[in-house]
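Trainee: Structure in structure tokens, see below.
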Amino acid sequence: MPQQSCDSEKTTHFGYLTIPEKDKVEWVRRHFDSVAKKYDSMNTLLSLGIHYQWKRMAVGMMGLKSGDLVLDVCGGTGDLSRMAAERVVPSGRVMLYDINWEMMAAGKPRIESSGHARRISHVQGNAEWIAFPDDTFDAAMVGFGIRNLTHFEIGFREMHRVLKPGGTLMCLEFSEPVTPWFRWLYDFYSFHIMPVVGKVLASCRPAYTYLPESIRLFPDPDRLKCILEEIGLKHVFYRRLTDGIAVVHVGKKE
Ligand SMILES: C[S@@+](CC[C@H](N)C(=O)[O-])C[C@H]1O[C@@H](n2cnc3c(N)ncnc32)[C@H](O)[C@@H]1O
């Protein structure tokens, strides 16, 4: 449970819980430790498989080309890394960067059987201090991960920093449907069905309560576009997927 925080201690959110800012990384790490082994199968079940289409479309919007060096921030089990690797053959490479070794380990068998294992490297680290020099990558992407950071703007600044001039940043993140009846249905599904399915199939209700709560606290697509522009990205645009359940933002470093 969150500790009582003294007045001077900065707080942040973990879903709808208020916790000391300094503890968030540890809460997020424990959360993904608890879901790592079932992460891929639960994602497929809860999204009815649509998350693969979203990821494929998002990677398609990055304009990757043969030979590109790509960073997959919060890469987890590596879906985006595998999809990017397909596009940068034969000489390109992907760095899958995640704070949680359990998540990366859970995805390794699929990476190994994809035929792209030698093109994908795993690096463990915090997205708020990316362990690469300035101007390194042709593209940097983050899928369903930036929401989990203690300071997501710092994560974006770091992605911008490690991009080469002319490089592409892509963010795929959950949002909320725009059509009212569909939004109502989605809210009902995510607050009432998803946690129960999470409890029954993954023995982990809190993890699937955190998911919809953290989505509601994340900036809407227009606000996120402004944030990316404030960071220095140019030509930022976004595209809503499945009525806005997921949104892809793309921008360029000048
Ligand atoms: C919801 S998963 C997304 C995984 C993958 N990108 C996908 O689309 O399936 C979020 C990932 O973000 C990682 N993560 C959370 N906070 C992080 C941080 N501060 N630095 C690096 N990775 C982080 C978690 O370990 C987890 O693997």
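Values in this text are rule-based calculations from the coordinates and carry no lab data. Keep in mind it's a predicted model, so treat the numbers as computed, not measured. Note: ideal-geometry Cβ built from the backbone for every residue, glycine included; neighbour counts use all protein chains shown.
Trainee: Just want to confirm a number: the relative contact order over the chain, from Cα pairs under 8 angstrom separated by 6+ residues, in percent.
Mentor: Worked out over the chain, it gives 18 percent.
Trainee: With axes computed from alpha carbons, what is the tilt in degrees of helix 50-60 against the longest principal axis of the chain, rounded to the nearest 10 within 0 to 90?
Mentor: For 50-60 against the chain, the angle is about 30 degrees.
Trainee: So, counting K/R as plus one and D/E as minus one, what does the shell of residues with Cβ under 14 Å around K22 add up to?
Mentor: -2
Trainee: Still on this structure: What order do you get for D40, D222, D243 when you list them from fewest to most C-beta neighbours inside 10 Å?
Mentor: The most exposed by this proxy come first: D222, D243, D40.
Trainee: To continue, here is another question. Which far-off residues, 5 or more places away or on another chain, put their amide H under 5 Å from the one on F14, with H placed in the peptide plane?
Mentor: For F14, the qualifying residues are I19.
Trainee: If you don't mind, there's one more thing I want to ask. Can you bin the chain into rounded, prolate or oblate? Criterion: square roots of the alpha carbon gyration tensor eigenvalues sorted a ≥ b ≥ c, rounded for a/c under 1.5, prolate for a/b above b/c, oblate for the rest.
Mentor: Here the chain falls in the rounded category.
Trainee: Counting other beta carbons within 10 Å of each Cβ, put L71, L46, L64, L169 in order, fewest first.
Mentor: Going from least to most buried by this count: L46, L64, L169, L71.
Trainee: In sequence order, what are the phi-derived ³J(HN,Hα) couplings for the stretch 96-110 according to the Karplus relation 6.51 cos²θ - 1.76 cosθ + 1.60 with θ = phi - 60°, rounded to whole Hz, with x for glycine and proline?
Mentor: With coefficients 6.51, -1.76 and 1.60, one gets 8, 10, 8, 7, 10, 5, 4, 5, 5, 5, 5, x, 4, x, 5 Hz.
Trainee: Another question, then. Under a 10 Å cutoff between Cα atoms, tell me which one of A207, A140, A84 has the largest fluctuation in the Gaussian network model of the chain.
Mentor: Greatest mean-square fluctuation among the candidates belongs to A207.
Trainee: To continue, here is another question. Net charge around G75, counting only other residues with Cβ within less than 11 Å of its Cβ (Lys, Arg = +1; Asp, Glu = -1)?
Mentor: Residues near G75 contribute -2 overall.
Trainee: Could you compute the FRET efficiency for Y189 and I227, with r as their C-beta to C-beta distance and R0 at 25 Å, rounded to 0.05?
Mentor: Result of the calculation: an efficiency of 0.35.
Trainee: If I build a Gaussian network model for the chain, linking alpha-carbon pairs within less than 10 angstrom, which residue out of F174, F188, F218 has the largest mean-square fluctuation?
Mentor: Result: F188 has the largest fluctuation of those listed.
Trainee: In whole percent, what relative contact order does the stretch 196-248 give with Cα contacts below 8 Å and a gap of six or more residues?
Mentor: In percent, rounded to a whole number, it is 18.
Trainee: May I pose another question? State which entries of K22/K65; K37/K252; K37/K225; K37/K253; K22/K225; K24/K108 exceed 31 angstrom in Cα-Cα distance in the structure shown.
Mentor: K22/K65; K37/K252; K37/K225; K37/K253
Trainee: On to the next question. Quick one: order Y189, Y210 by neighbouring beta-carbon count within 10 Å, fewest to most.
Mentor: Placing the least packed residue first, the sequence is Y189, Y210.
Trainee: Quick one: Cα centre-to-centre distance for the stretch 213-242 and the stretch 131-186, in angstrom?
Mentor: 8
Trainee: What FRET efficiency comes out for R56 versus K10 if R0 is 45 angstrom and r is the Cβ-Cβ distance? Round to the nearest 0.05.
Mentor: Computed FRET efficiency for R56 and K10: 0.70.
Trainee: For T136 paired with R157, estimate the spin-label separation in nm (one decimal), with each label point 7 Å from Cα along the Cα-to-Cβ line.
Mentor: So the two model labels end up 1.8 nm from each other.
Trainee: Could I ask something else about it? Specify the inter-centroid distance of the stretch 98-115 and the stretch 187-211, based on alpha-carbon positions, in whole Å.
Mentor: Going from one Cα centre to the other spans 24 Å.
Trainee: Name the residue, out of L241, L217, L201, whose mean-square fluctuation peaks in a Gaussian network model built on the chain with Cα pairs under 10 Å.
Mentor: Comparing L241, L217, L201 in a Gaussian network model of the chain, the most mobile one is L201.
Trainee: Is the stretch 130-254 rounded, prolate or oblate when judged by the Cα gyration tensor, a ≥ b ≥ c being the square roots of its eigenvalues, rounded requiring a/c under 1.5 and prolate requiring a/b larger than b/c?
Mentor: Note, shape of the stretch 130-254 comes out prolate.
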